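J.: Attaching a single structure in structure tokens format; questions to follow.
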Amino acid sequence: MVGFNALVLVCVAYVAILFGVAFGADKRAREGLPGTAWLRGPWVYTLSLSIYCTAWTFYGAVGYAARSGLEFVTIYLGPTLVLVGWWWVLRKLVRIGRAQRITSIADLISSRYGKSNLLGVIVTLLAVVGTTPYIALQLQSVTLSFSVFAADRQEGFELLDLNATALWIAAGLALFTILFGTRNLDANERHHGVVTAIAVEAVVKLLALLAVGIFVVWGVAGGPTEIARTIDASPISDWQMNGGRWASLTFLSAAAFLTLPRMFQVLVVENVDERQLATASWAFPLYLFLMSLFVVPIAVVGLDILPKGSNPDLFVLTVPLHFDQDGLAMLSFLGGFSSATSMVIVAAIALSTMVSNHIVMPIWLSLRSDGASMSGDVRYLLLISRRLSIGGVLLLGYLYYRYSGGGAALAAIGLISFSGVAQVLPALVGGIFWRGASRNGAAAGLIAGFAIWAYCLFLPSFGPEGVISDQIMAHGPWGLEWLRPQALFGIEGMDPLVHALFWSMVVNTSLFFIFSLVSFPNPLERLQGAQFVNVFEHSGATRGWTRGRAQAEDLMIMAQRIMGGGEAQALFEAEALAQGKESYLPDTTPGFIERLERELAGSVGGATAHAMVGQIVGGASVSVEDLMAVADETQQMLEYSSQLEVQSEELSRTARQLGEANKKLTQLSIQKDAFLSQISHELRTPMTSIRAFSEILRDGGMDEAAARKYSSIIHDEALRLTRLLDDLLDLSVLEAGHVTLHPQPDNLSDVLDRAVAATTSVGEGAGIEIRRNPVHEDIDIFTDTDRLAQVFINLIANAAKYCDADTPRLKIFVTKRAERLHVDFIDNGSGIPPESQAVIFEKFSRLSDQAKAGGAGLGLAICREIMDKLGGKVAYLPGQGGAAFRVTLPKAPLAAG
Amino acid sequence: MTPPREPLFLARQTYRRRRVADAARLLPVIGAMLFLIPILAAGSGDGATTARGGIYVFVVWAGLIVVTATLSRPLSRRESEADADPKETRP
């Protein structure tokens with residue numbers, strides 16, 4: 001007999017291995033190490049789908065078979081049919097999920113129907129109500145399986161406290177989910193750690209069930225023919241088929257497979273490649289096939305061998321224990337444990353995404369008067385809300401387990417939960433195949449279906465002490481017989497589940513159609529409808545935004561707060577590059593705003609992203625051309641217009657480049673004009689004072705002190721002249737390309753140290769507080785570090801000179817990118833206005849008056865030339881809350897020369 | 001086996017793939033019908049036993065898996081080619 005302590009030990013070790021697997025997979029995938037391709041391959045994907053097989057199916061299928069024979073198999077036949085028909089529905093769902101960056105089933109429904117948050121909220125609530133009892137069921141099954149091992153151990157320890165066990169399990173699951181499920185904010189990104197751990201658990205549970213099955217067939221019964229004889233001799237030998245239940249359960253499991261939040265998460269959200277689906281289309285039915293192959297044999301052997309009255313739900317454990325197969329029992333225990341934990345983890349991730357995107361974010365957004373361009377870090381808020389939601393979902397599950405008292409009432413909840421989430425099916429399937437499906441139809445269908453399900457199936461499941469009393473069950477509310485929860489409209493004799501499923505689906509679908517037919521969708525809804533239904537014809541972006549008054553800088557500030565600085569800057573830079581601009585700020589074309597919105601939707605969901613972008617862009621978002629493009633279905637027209645579009649895009653890109661070049665040239669010519677007057681002015685001012693004071697000195701007749709004062713003025717002015725000439729010389733040498741570099745190995749931190757020391761010691765830089773992060777700076781570089789230090793000194797000195805904050809502060813950030821190194825200098829002043837950002841790197845460009853600057857305006861021009869020579873660049877970085885400059889260094893060592 | 005000769009008919013490859021896709025669409029319908037046949041059998045009398053019914057269900061199931069696997073190969077090839085189509089990969 002396995003000791004309880006040994007059991008706990010094995011359990012903890014198994015969990016530790018899972019943590020290790022998740023951590024390793026996450027790390028490898030993040031660092032892009034070689035040999036991680038299989039993480040994205042079809043096999044891990046197929047195995048991750050196995051979260052469909054929860055503890056309810058692992059333990060419960062055998063119990064189900066012991067009670068009603070073959071009927072258990074319908075739970076697997078539905079998903080098999082869905083996957084076999086992947087070409088119809090799943091392929092389209094996956095394509096839509098990727099094109100629209102869908103984060104959850106609630107997000108899909110909300111995005112399809114005009115990014116309506118109302119629908120998002122309804123689906124989220126439905127999912128939470130439907131999933132909570134299911135999580136409770138998983139907790140129950142794990143604690144029950146613990147108690148099987150503990151029950152036979154009278155000596156040594158007391159019968160363990162089941163509630164405490166359930167609490168510990170829930171807490172452990174919450175920890176795992178928070179650690180690996182909320183790593184990255186982009187819910188559309190793959191959770192490699194979680195998915196890989198789940199794949200491992202899938203293998204464990206399959207092996208466990210197969211091992212028990214093989215043991216039962218060949219070890220106990222003595223071969224397939226013997227087992228057939230045992231089946232014929234068992235109480236379930238006659239196939240008592242209830243045709244209605246058989247068909248309904250097959251339909252129900254197929255519907256639930258598509259609409260369960262956790263299934264949607266692994267099927268669509270975690271999918272990275274449609275080819276994964278092609279493999280899963282046969283490999284996952286095979287998995288289900290193997291999972292159910294030995295269910296009936298185990299059930300009949302259990303019924304045959306174990307004493308009457310033993311719980312058939314635990315045959316998978318108790319049969320091996322009966323034959324003293326401790327190892328096998330342990331494996332089977334781990335299988336059940338795996339089934340329960342993997343389901344709970346993915347369900348918690350899916351629900352937390354839905355709750356935070358469709359409930360927390362909209363509330364928070366509407367509470368803030370200043371809207372999306374607010375201060376504060378949205379990423380942090382989102383992560384916190386997601387983590388809290390995970391904790392909340394698991395806590396709800398635990399409380400449900402505690403107060404429903406476990407037992408048989410809970411065991412029936414599996415199918416009840418299925419029929420709850422299946423209410424999403426009409427809106428889902430209608431949404432992706434029928435353009436006429438509208439928001440009102442979806443809302444009416446969902447609400448009605450949900451209500452009927454709750455009234456006929458969910459509330460009665462609490463028993464007579466719950467909401468629905470015996471009185472109501474027998475005679476209907478207020479004595480209205482035709483409203484009896486299990487015999488609506490007087491149709492009696494139906495199985496309660498079939499009854500509730502039938503009525504809820506019929507009413508749901510009818511209302512969905514009727515309301516869709518009579519309502520008129522708004523423009524955005526029609527656009528999205530066309531996008532979803534015709535996803536294979538044009539997967540290009542919707543032109544949802546007209547050129548508004550959006551400021552690129554505002555958009556960037558918002559994007560940085562949601563996606564994080566690095567990703568947002570990369571996105572904006574790439575877009576600017578595609579438009580042929582050299583800055584970080586692209587033009588806010590409708591196409592770009594649409595892309596940005598989609599990127600944001602990957603983090604916060606479609607409806608919220610739309611609302612946030614809408615607050616900045618403002619105004620109507622759908623133009624007449626967009627609607628015409630949708631209405632016009634002629635293929636040639638579409639092709640012709642897409643060709644035109646490509647051409648006009650090309651043209652406008654060229655025009656933009658030309659315009660920019662022209663603007664720059666005009667400004668340069670003005671600067672050339674200014675150059676002469678500047679240089680003569682620069683030379684003349686010191687010359688005048690030198691001449692004046694030297695005349696005074698020549699005339700003599702003054703005391704020693706005055707003479708010294710005058711000559712020191714002459715000296716200072718001469719120095720200033722020299723400096724100016726040095727700078728000019730330096731710049732012309734750099735520009736002419738005659739410069740010799742002296743690359744040497746050094747540490748970035750040391751170079752920065754030297755630069756900071758050089759600036760702060762002079763005095764002008766002493767007034768500014770410099771913040772650095774020595775850990776990030778510790779990077780070995782190979783470049784001309786003297787020149788690099790010169791750039792740094794210039795930037796620090798500039799910040800010290802021009803930063804107009806009361807307590808000037810300069811932050812120096814170092815970030816590593818794949819091929820580059822970024823050194824950002826960000827001060828807390830008022831920054832540089834957009835119209836000046838293009839000219840600050842030109843010679844003699846000074847923004848403030850000369851008196852304050854005290855330089856000739858050559859510093860940044862020199863910086864730019866130096867960075868060019870070093871193979872990097874220096875650029876102004878907008879949207880950082882002050883003046884910010886980014887020095888980009890290539891990581892590859894600089895060649896000497 | 002020698003590889004098939006270069007098709008005379010230009011769009012033959014495409015034609016074949018479309019028909020494979022048709023077959024893939026039909027498959028779940030056939031599967032559903034086969035899985036529902038026991039309902040008819042159960043009504044006809046007491047001939048059905050769990051052992052025989054179980055064998056029927058599992059044989060149909062295995063058949064579906066094999067056919068799906070056969071069809072999924074050409075279909076997934078078509079997917080990857082479709083992805084290479086520039087029109088489809090526009091951002």
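J.: Criterion first (facing another protein chain (nearest Cβ under 10 Å), in contact (Cβ under 8 Å) with a residue 24 or more places away in the chain and not polar (S, T, N, Q)) does A:Gly63 satisfy it?
T.: No, not satisfied.
J.: Only one of these is crowded, with 24+ Cβ neighbours inside 10 Å, away from chain B (no Cβ under 14 Å), modelled with pLDDT of 85 or more and over 11 Å from A:Ala208 (Cα atoms): A:Val319, A:Val295. Name it.
T.: A:Val319
J.: Looking at (1) in a helix (DSSP H, G or I); (2) away from chain B (no Cβ under 14 Å); (3) farther than 24 Å from A:Ala412 by Cα, which one does A:Asp324 not meet, given that it meets all the others?
T.: Unmet condition: (1).
J.: Give just the number: which of (1) over 29 Å from A:Arg245 (Cα atoms); (2) over 27 Å from the mean Cα position of the chain (by Cα); (3) among the aliphatic types (A, V, I, L, M) does A:Ile96 not satisfy?
T.: Condition not satisfied by A:Ile96: (2).
J.: While we're here: Restricting the search to the range A:658-690, which residues are exposed (fewer than 13 other Cβ atoms within 10 Å of the Cβ) and modelled with pLDDT of 80 or more?
T.: Across the range A:658-690, the qualifying residues are A:Leu658, A:Gly659, A:Ala661, A:Asn662, A:Lys663, A:Leu665, A:Thr666, A:Ser669, A:Ile670, A:Thr688.
J.: What pairs come out if I take residues in the range A:69-85 that are more than 8 Å from chain B (Cβ to nearest Cβ) and touching a residue at least 24 places away in the same chain (Cβ under 8 Å) and pair them with residues that are among the β-branched types (Val, Ile, Thr) and outside any helix (DSSP H, G or I) whose C-beta lies under 7 Å away, six or more apart or interchain?
T.: Every condition considered, no pair remains.
J.: Name the single residue that is modelled with the highest pLDDT among those in the range B:48-65 being over 20 Å from A:Arg245 (Cβ atoms) and either surrounded by fewer than 12 Cβ atoms within 10 Å (Cβ to Cβ) or over 19 Å from the mean Cα position of the chain (by Cα) (or both).
T.: B:Val59
J.: Can you list residue pairs whose Cβ atoms sit under 7 Å apart, with the first residue in the range A:232-247 being at the interface with chain B (Cβ under 7 Å from one of its Cβ atoms) and the second being among the small types (Gly, Ala, Ser) and assigned to a loop (DSSP other than H, G, I, E, B)? Count only pairs 6 or more apart in sequence or on different chains.
T.: Taking only residues 6 or more apart or on different chains, the pairs are A:Trp239/B:Ala48; A:Met241/B:Ala48.
J.: So, one more: Of the numbered conditions (1) of a type in the set (Lys, Arg); (2) away from every other protein chain (no Cβ under 14 Å); (3) within 30 Å of A:Ala601 (Cα to Cα), A:Lys308 satisfies every one except a single condition; which is it?
T.: Here A:Lys308 clears every test but (3).
J.: Still on this structure, please answer the following. Among the helices (runs of 4 or more DSSP H) confined wholly to the range A:438-552, which include 1 or more residues that are within 26 Å of A:Trp88 (Cβ to Cβ) and modelled with pLDDT of 70 or more?
T.: In the range A:438-552, the matching helices (runs of 4 or more DSSP H) lie at A:439-453, A:496-518, A:523-533.
J.: Sticking with this structure for a sec: Among the residues in the range A:721-732, are any within 24 Å of A:Phe841 (Cβ to Cβ) and part of a loop (DSSP other than H, G, I, E, B)?
T.: No, the range A:721-732 contains no residue that is within 24 Å of A:Phe841 (Cβ to Cβ) and part of a loop (DSSP other than H, G, I, E, B).
J.: With a cut-off of at least 2 residues that are modelled with pLDDT of 80 or more and surrounded by fewer than 21 Cβ atoms within 10 Å (Cβ to Cβ), name the helices (runs of 4 or more DSSP H) lying wholly within the range A:790-897.
T.: Passing ranges, in order: A:859-869.
J.: Tally time: how many residues in the range A:256-271 are hydrophobic (A, V, I, L, M, F, W, C) and within 13 Å of chain B (Cβ to nearest Cβ)?
T.: So the count comes out to 2.
J.: Conditions first: (1) crowded, with 19+ Cβ neighbours inside 10 Å; (2) within 14 Å of chain B (Cβ to nearest Cβ); (3) over 29 Å from A:Ala127 (Cα atoms); (4) modelled with pLDDT of 80 or more. A:Leu209 passes all but one, so which condition is the exception?
T.: Evaluating A:Leu209 over (1) crowded, with 19+ Cβ neighbours inside 10 Å; (2) within 14 Å of chain B (Cβ to nearest Cβ); (3) over 29 Å from A:Ala127 (Cα atoms); (4) modelled with pLDDT of 80 or more leaves (2) as the failure.
J.: Still on this structure, please answer the following. Hey, any hits in the range A:159-167 for a residue that's modelled with pLDDT of 75 or more and part of a helix (DSSP H, G or I)?
T.: Among the residues of the range A:159-167, at least one is modelled with pLDDT of 75 or more and part of a helix (DSSP H, G or I), which makes the answer yes.
J.: Need at least 2 residues that are of a type in the set (S, T, N, Q), at pLDDT 85 or above and closer than 15 Å to A:Ala197 by Cα per element, so show me which helices (runs of 4 or more DSSP H) inside the range A:1-118 make the cut, counting only ones lying wholly within it.
T.: A:42-48
J.: Just checking, how many residues over the range A:733-748 are of a type in the set (A, V, I, L, M), more than 14 Å from A:Thr785 (Cβ to Cβ) and not in a helix (DSSP H, G or I)?
T.: Counting residues in the range A:733-748 that are of a type in the set (A, V, I, L, M), more than 14 Å from A:Thr785 (Cβ to Cβ) and not in a helix (DSSP H, G or I) gives 1.
The values are calculated or read from the model by the stated rules, or taken from the named source; none is laboratory data. It should be emphasised that the depicted structure is a prediction, and the values quoted were computed from it without experimental measurement. Neighbour counts run over all protein chains shown; Cβ positions are idealised from the backbone, glycine included.
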